[in-house]
């Protein structure tokens with residue numbers, strides 16, 4: 001049987017299949033063969049910390065832990081990704097230059113200056129904070145009611161998002177003027193860092209959400225960011241998500257996907273706008 005070896009422990013094909021199936025059943029993430037090294041590297045740290053002699057022993061532990069904390073930690077380790085402010089900036093440019101002007105005109109005409117957005121798979125928070133900066137910088141004066149829901153399956157990464165403290169390289173894409181307005185310099189572990197200010201915090205609600213479960217979300221939403229999330233799902237799961245997003249969006253609402261994600265091969269009703277940007281007519 002083929003296996004991947006570490007200095008201490010072996011990830012067998014049976015281990016890999018068991019781990020992949022558990023993750024798929026829980027949250028729809030498709031850990032194909034190309035993810036073996038990622039699984040080995042990330043879980044090997046957990047094995048060393050818990051002094052487990054094998055991956056199968058570790059899996060028995062997380063499945064027998066009645067508190068659920070070990071399983072949650074297991075999912076956290078395998079689902080966390082690195083991001084930054086204004087990542088894939090063309091989406092924020094489209095939001096600023098194309099979508100927001102249209103939304104502003106529509107909302108002002110209806111007399112309801114209200115905007116609702118969702119960052120689905122918000123990771124450590126840079127995406128929703130970037131959305132908030134874009135809204136604050138481009139909404140006209142008045143009593144705008146703008147709120148962003150930010151969700152993720154990783155409880156640990158959500159705590160990082162709520163803390164809102166970032167190393168300088170993560171906030172480098174933020175303009176100097178915006179950085180002065182919405183971030184304040186601080187320290188973290190003795191190192192220079194930046195903390196998001198109250199203007200951003202009050203716009204965002206962070207919540208745990210498994211996209212495979214029910215969504216306690218009330219529409220209609222004006223736009224949804226679901227970027228670099230669907231890449232981990234198989235086509236049937238992607239199709240289900242895309243059509244659920246359609247149901248939540250208002251007419252004219254926009255779905256943003258990741259740079260390596262496409263709705264090609266998925267049965268959907270969205271109108272293609274440009275790569276990774278789709279509109280509900």
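All of the numbers you see were taken from the coordinates with simple rules; none came from a lab. Keep in mind it's a predicted model, so treat the numbers as computed, not measured. Don't worry about glycine lacking a Cβ; one is built from the backbone with ideal geometry, like all the others, and counts go over all protein chains shown.
Structural remarks
- If you wrap region 194-281 in the convex hull of its Cα atoms and look at it from every side, the mean projected area works out to 7.1 nm².
- Diffusion coefficient of region 119-188 by Stokes-Einstein, Kirkwood radius over Cα pairs, 25 °C, 0.890 mPa s: 185 µm²/s.
- Taking other C-beta atoms within 10 Å as the exposure proxy, 159, 178 rank 159, 178 from fewest upward.
- Between residue 266 and residue 247, the modelled labels are 1.5 nm apart [label points 7 Å from Cα along Cα→Cβ].
- Taking only alpha carbon atoms, the chain gives an Rg to Rh ratio of 1.00, where Rh is the Kirkwood radius.
- Nearest-ten-degree value, helix 100-110 long axis tilted from longest Cα axis of the chain: 60
- The chain, helix-only ellipticity at 222 nm - DSSP H runs n ≥ 4, -39,500 (n - 2.57), divided by all residues, nearest 500: -12500 deg cm²/dmol
- Across region 90-279, Cα pairs under 8 Å and at least six residues apart give a relative contact order of 21 percent.
- Alpha-carbon centroids, region 98-114 and region 134-150: separation in whole Å: 11
- Put simply, the convex hull of the Cα atoms in region 75-155 casts, on average, a shadow of 5.6 nm².
- Shape class of region 3-79 from the Cα gyration tensor (axes a ≥ b ≥ c, square roots of the eigenvalues): oblate, since a/c reaches 1.5 or more and a/b does not exceed b/c.
- Sorted by Cβ density within 10 Å, fewest first, the residues 15, 247, 76, 65: 247, 65, 76, 15
- Using alpha-carbon coordinates, inclination of helix 69-79 to the longest axis of the chain, degrees: 70
- Length-normalised contact order of region 5-113 in % [C-alpha pairs under 8 Å, at least 6 apart]: 21
- Between helix 235-248 and the chain: long-axis angle, C-alpha atoms, 0 to 90°, nearest 10: 30
- For region 1-149, the average shadow cast by the Cα convex hull is 12.1 nm², which is a quarter of the hull's surface.
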